[in-house]
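Read the structure below first, then the notes.
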Amino acid sequence: MNKDELIQNQIESGCIPEGTDAEAYRVVFSAVRKEPSLKLPDDFVVRVSSIALTSKKTFDWDKLILFGGLGIFVFVLGYVVAITGFKISFGKFSFLASHAPLISFAIVFILFLNWLDKRLIGSRKISH
C-alpha cells in the first residue's frame, strides 16, 4: 500500500493524519462530499453575451492561409500548363463515345430517382 492509499484509508476511517498531503486529501474529500450547485447565476446570459460581443477577431488568419494557398495553387497550375504545353485529351476514354445514349440515360435516371426520393420519401419525418 502506497502513501496516498494509506492517507485515504485513514481519512475514510475517521483518523486525522498530519501533514500537507493529508490536508490536501481532506480538502479534496470535503469538496467531493458537497452537492454541486446546478443553478446558474442570474447574470449568466448577460456575461456570456458580453463576452461574445466583445471578442472580435481583428484578422482572420485561416482565410488568409486558405486564399493564399488557393492563389499559389492556381498560379503554379497555370505555370505548369504553360511550360509543359499540356493539352486535354480523352484518348483513353474514347470507348465511351459509342455509349453516349446509355450514359445520358443513366444520368437522367439518377436525377429522376433523386427527385423522387425528395418528393416521396424525404418529406416524411422519421419519428423515434
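Which one is surrounded by the fewest Cβ atoms within 10 Å (Cβ to Cβ), of the residues in segment 77-127 that are within 32 Å of the chain's Cα centre (by Cα) and of a type in the set (Ser, Thr, Tyr)? This residue is 127. Scanning segment 33-62 for residues that are among the basic types (Lys, Arg) and surrounded by 10 or more Cβ atoms within 10 Å (Cβ to Cβ) turns up just one, 47. Looking at this structure, is residue 73 in contact with a helix residue (DSSP H, G or I) (Cβ under 9 Å, 6 or more places away or on another chain), free of Cβ contacts under 8 Å to residues at least 24 places away in the same chain, open to solvent by 70 Å² or more (accessible area, probe 1.4 Å) and not β-branched (Val, Ile, Thr)? So residue 73 does not fit the description; no. Looking at residue 11, is it open to solvent by less than 60 Å² (accessible area, probe 1.4 Å), of a type outside the set (Ser, Thr, Tyr) and at pLDDT below 75? Yes; evaluated as a whole, the condition is true for this residue.
The values are calculated or read from the model by the stated rules, or taken from the named source; none is laboratory data. A quick note: this is a predicted structure, and the numbers were derived from the prediction, not measured. Reconstructed Cβ throughout: ideal geometry from the backbone, glycine too, with neighbour counts over all protein chains shown. Calculation scope for accessible area: heavy atoms of the full protein, side chains included, ligands and nucleic acids excluded. Shrake-Rupley method; radii C 1.70, N 1.55, O 1.52, S 1.80 Å.
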